[in-house]
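Let me begin by presenting the structure, written as structure tokens, before commenting on it.
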Amino acid sequence: MISVEIKEITKYYGQQKALNNINLSINKGEVVGLLGPNGAGKSTLMKIITSFVPPSGGTVKIDGFDVQENSLEIRKRIGYLPEHNPLYHDMYVKEYLNFVLKTYPNKKNTSDIVKDIIRLTGLEPEKKKKIGALSKGYRQRVGLAQALIHDPEILILDEPTSGLDPNQLIEIRKIITDLGKEKTIILSTHIMQEVEALCNRVIIIDKGNIVADDTPDNLSRQERKSTSYKVEFKEKVSSRLLQSITGITRVNNLDKNEWLLISNSDKDLRESIFKFAVKNNLNVLSLSLEEQKMEDVFQRLTR
Ligand code: ADP
Ligand code: MG
């Protein structure tokens, strides 16, 4: 069942085109990662989906409601964590969440709701503090709490882990993973590992265009058509000699006698590399087939 339907969305800021004819359907329950370098258009797309910014052309529908025409229906269904999460620094955590909740109509048992959301986002120990006194990680939790407080079906999280230290990052990712079991999530990031860790669908955006849309697994498999080998010799070898190995198209010196050999086919060349070493009186200390990383795919697609 389609949850978010984006049709022919284009966005200009003055003369500059930030989004170029984006078409996208997101189904209920998907956890989608919008991946792309800075300036790709991720935040702009999210602002359009959440009806914060009007598109220059095209439509976005959430559960059949047009975001331009039914902003109240959209607000009920969407929780949004903006990139530069604007929080009221002088408010206390609990006070702020109560305040946000009151902006939604017909909410009963407000104190229970706030209590639940504080527990869910791990804000318990900090709930009595002013937002301005919180660490970046806890502020981000308040941002998540704010986005979740009306129990929306869809969460739009713009760079939810940016600027967090490694521990905070792990904790916020865990919360997102749990939320993903129940909700449709669209999150943006410029970090590969993030989509690998969190998402079941990756959409790569570059210069306002969608350049890839697939599962993280498929994207890495696609890239696996090229293979690379990490090999360490006992002796010094020249890159020219290594390039003479049949099938090897590029070589990179990683460390003293350690090399990355890259081929353009998915054929396993380990045997050829061994034979090459024997023929040239070289001792192979280690040889391994390298897994392709999303990072490589990303670089290739956005080149
Ligand atoms: P991302 O979130 O992927 O980094 P953005 O959506 O923020 O990308 O930006 C896409 C492009 O639109 C960038 O070139 C950016 O400079 C431009 N842009 C974003 N917001 C504005 C704005 N309010 N006014 C003018 N240009 C903008
Ligand atoms: Mg952005």
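Going by the conditions given, is Ser220 of a type in the set (Ser, Thr, Tyr), closer than 30 Å to Ser43 by Cα and surrounded by 17 or more Cβ atoms within 10 Å (Cβ to Cβ)? Spell out how you get there, then give the answer.
Working: of a type in the set (Ser, Thr, Tyr): yes; closer than 30 Å to Ser43 by Cα: yes; surrounded by 17 or more Cβ atoms within 10 Å (Cβ to Cβ): yes.
It is true that Ser220 is of a type in the set (Ser, Thr, Tyr), closer than 30 Å to Ser43 by Cα and surrounded by 17 or more Cβ atoms within 10 Å (Cβ to Cβ).
With respect to Lys7, is the statement that it is surrounded by fewer than 18 Cβ atoms within 10 Å (Cβ to Cβ) and away from ligand 1 (no atom under 15 Å from the Cβ) true?
Details: surrounded by fewer than 18 Cβ atoms within 10 Å (Cβ to Cβ): yes; away from ligand 1 (no atom under 15 Å from the Cβ): yes.
Yes; evaluated as a whole, the condition is true for this residue.
Looking at this structure, is Met91 within 26 Å of Gly122 (Cα to Cα) and either within 12 Å of ligand 1 (Cβ to nearest atom) or acidic (Asp, Glu) (or both)?
Numbers: within 26 Å of Gly122 (Cα to Cα): yes; either within 12 Å of ligand 1 (Cβ to nearest atom) or acidic (Asp, Glu) (or both): no.
When the stated conditions are applied, Met91 does not pass them.
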**OP:** Name every residue in segment 151-165 that is closer than 18 Å to Thr184 by Cβ, away from ligand 1 (no atom under 14 Å from the Cβ) and in contact with a helix residue (DSSP H, G or I) (Cβ under 7 Å, 6 or more places away or on another chain), in order of residue number.
**Re:** Pro152, Glu153, Ile154, Leu155
**OP:** For segment 107-134, enumerate the residues that are closer than 19 Å to Ile176 by Cβ and at pLDDT below 90.
**Re:** none
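May I ask you to list the residues in segment 18-30 that are of a type outside the set (Val, Ile, Thr) and part of a strand (DSSP E or B)? Step through it out loud before you land on a result.
Keep residues of segment 18-30 that are of a type outside the set (Val, Ile, Thr), which gives 18-21, 23-25, 27-30.
Residues satisfying the conditions are Ala18, Leu19, Asn20, Asn21, Asn23, Leu24, Ser25, Asn27.
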**OP:** Filter the helices (runs of 4 or more DSSP H) completely within segment 133-209 down to those with at least 1 residues that are touching a Ser or Thr at 6+ places or on another chain (Cβ under 9 Å) and within 16 Å of ligand 2 (Cβ to nearest atom).
**Re:** 136-148, 192-198
Original post:
Quick one: in segment 31-62, which of the residues that are part of a helix (DSSP H, G or I) and surrounded by fewer than 22 Cβ atoms within 10 Å (Cβ to Cβ) is farthest from ligand 2 (Cβ to nearest atom)?
Top reply: Lys47
Original post:
Which of the residues that make up segment 63-103 are in a helix (DSSP H, G or I) and farther than 30 Å from Glu5 by Cβ?
Top reply: Val93, Lys94, Glu95, Tyr96, Leu97, Asn98, Phe99, Lys102
**OP:** Of the conditions (1) open to solvent by less than 70 Å² (accessible area, probe 1.4 Å); (2) away from ligand 1 (no atom under 15 Å from the Cβ), Lys102 clears all except one; give me its number.
**Re:** (1)
Subject >> Residue check for Tyr104: modelled with pLDDT of 95 or more and in the same structural domain as Arg141 (by TED's automatic domain parsing) >> reply: no
**OP:** Identify all residues within segment 105-127 that are open to solvent by less than 70 Å² (accessible area, probe 1.4 Å) and under 22 Å from Leu157 (Cβ atoms); write none if there are none.
**Re:** Ile113, Val114, Ile117, Ile118, Thr121, Gly122, Leu123, Glu126, Lys127
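The values are calculated or read from the model by the stated rules, or taken from the named source; none is laboratory data. What you see is a predicted model, and the numbers here were worked out from it, not measured in a lab. Virtual Cβ from ideal backbone geometry, glycine too; neighbours counted across all protein chains shown. Note: areas computed on protein heavy atoms with side chains; ligands, DNA, RNA excluded. Shrake-Rupley method; radii C 1.70, N 1.55, O 1.52, S 1.80 Å.
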